[in-house]
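Have a look at the structure below, then the notes.
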Amino acid sequence: MVTPELLATCWTSAGDVMPPRTGDHRSPIGIERRIEAVAAAGYRGFGLNQADLVVARDEIGLPRLAELFAAHGLVHIELEVLDYWWTADPAAHQARTDLLAAAAALGTHHIKVGVGVLGDRYDPAVLRSSFAALASEAAEAGTRIALEACAFSSMPTLEPAVQLVTDVAHPAAGLLLDIWHIYRSGMDYRTMAAIVPPEYLFAVELDDGAVTQLGSGLEDTFDNRVLCGHGDFDVPAFIDAVTGLGYDGPWGVEMMSHAHRALAPEIAVAEAFDAAQKCLTTGRKP
């Protein structure tokens, strides 16, 4: 298998006692404690959502946040999530401003972007031109954008995301593959690898889950994931498919569940790290 550098994505890095889906995505756990827990577990990267980013920016400032990441050896920084970037929505504009400014200050590896929710409609030409413009802004900020085709988004399968990225063909615009969304879309991992252009694969996220979705897509993804190798997704097979593309970047670990959020952050991030590392380095389930 591979020798990994793992990135604790924003939910896991919160440790994560995330409130119920009330629209408030701020973690109740302080940023310094989360950074210390993530570094102690062995991660080499840290993910932060916009809400927590704004809290950290306002409380300690972006220069201090950058210092903390560097002091703890966290070199792969992910920011998320930017959505409705092709619209004039004020919240989307604010998120874009916040995330791009922080990316420049933090040396961010990538910014995760989405494409609305299932049932949304958009003009493909507007989407392409807006995606290209966003990529140019990201490049100016010293980062890249990584598009995630979420199973409950307006791009519920990977094919249109690949099409958008290849149509735009901007060096700062690529893809993020999350095993949860690939599995829930019904796509075989070999098919996934066959259609993904390696040069546009910017980020990968690992997690696991049950073969049958529990509740809605949002409920399942936020509340019912399990540690890598403890579910039905065949994480090692997914890893093999990704490494076959020549991917050599960091692997995000995105662990979200009721049980995970009930743990102390130090325990939560360590358990998620150990499970993902076992799948990456041995290719076996626990």
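Here, each number is a calculation from the coordinates, and none is a lab measurement. All figures in this text were calculated on a predicted structure; none of them were measured in a lab.
How large is the direction-averaged shadow of the alpha-carbon convex hull of the stretch 6-282, in nm²?
Average of the hull's projected areas for the stretch 6-282 equals 12.8 nm².
For a test of the definition: using alpha carbon positions, the gyration tensor, and the 1.5 limit on a/c, classify the stretch 171-280 as rounded, prolate or oblate.
Because a/c hits 1.5 or more and a/b exceeds b/c, the stretch 171-280 counts as prolate.
Mind listing P(r) for the stretch 136-212? All alpha-carbon pairs, 5 Å bins, whole percents.
Binned Cα distances yield the sequence 3, 16, 27, 26, 15, 8, 4, 1, 0.
By DSSP, what percent of the beta bridges with both residues in the chain are antiparallel, rounded to the nearest 5?
The antiparallel proportion sits near 5 percent.
For residue 82, which sequence-distant residues (separation of 5 or more, or a different chain) have an amide H within less than 5 Å of its own amide H, given hydrogens modelled in the peptide plane?
112, 113, 114
For residue 150, which sequence-distant residues (separation of 5 or more, or a different chain) have an amide H within less than 5 Å of its own amide H, given hydrogens modelled in the peptide plane?
Answer set, sorted by chain and number: 115, 155.
Can you give me the C-alpha center-to-center distance between the stretch 207-248 and the stretch 71-105, rounded to a whole angstrom?
25 Å
Could you derive backbone 3J(HN,Hα) for the stretch 38-53 from the dihedral phi with the Karplus parameters 6.51, -1.76 and 1.60 (θ = phi - 60°), listing whole Hz in sequence and x where the residue is Gly or Pro?
Couplings: 4, 5, 5, 6, x, 5, 10, x, 8, x, 9, 7, 4, 4, 6, 4 Hz.
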